[in-house]
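Presented below is the structure to which this report refers.
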Amino acid sequence: KVVVKVLVGADGRVRAVEIVYADDDGFAAVTERQARAKWRFRPATRNGVAVESWKQMTVRFQIRRG
């Protein structure tokens, strides 16, 4: 499990990533890379205008064997 805070830009792209908690450093690194490269969001709005905002998320990893 990894808990991250991401700064979502007005364009919906991730501008910054902060690791709040991680069960494993490897999971934290993968989560940060994926967030910066691939995650997209609908940005928050203020008075109808898209704005940057922080969002906290929990990412759970499941290792399947066999």
Exercise. State which residue is least open to solvent (accessible area, probe 1.4 Å) when the search covers only region 1-52 and only residues that are among the charged types (D, E, K, R) and assigned to a strand (DSSP E or B).
Key: LYS5
Quiz item: Among the listed residues GLY12, GLY48, which satisfies the condition of being touching a Lys or Arg at 6+ places or on another chain (Cβ under 7 Å) and free of Cβ contacts under 8 Å to residues at least 60 places away in the same chain?
Solution: GLY12
Exercise. With the condition kept exactly as written, say whether any residue in region 47-62 is at pLDDT below 95 and either in contact with a Pro (Cβ under 9 Å, 6 or more places away or on another chain) or among the polar types (S, T, N, Q) (or both).
Key: yes
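The values are calculated or read from the model by the stated rules, or taken from the named source; none is laboratory data. Remember, it's a predicted structure, so these values are computed and weren't measured experimentally. Virtual Cβ from ideal backbone geometry, glycine too; neighbours counted across all protein chains shown. Surface areas here come from the heavy atoms of the whole protein model, side chains and all, with no ligands, DNA or RNA. Shrake-Rupley method; radii C 1.70, N 1.55, O 1.52, S 1.80 Å.
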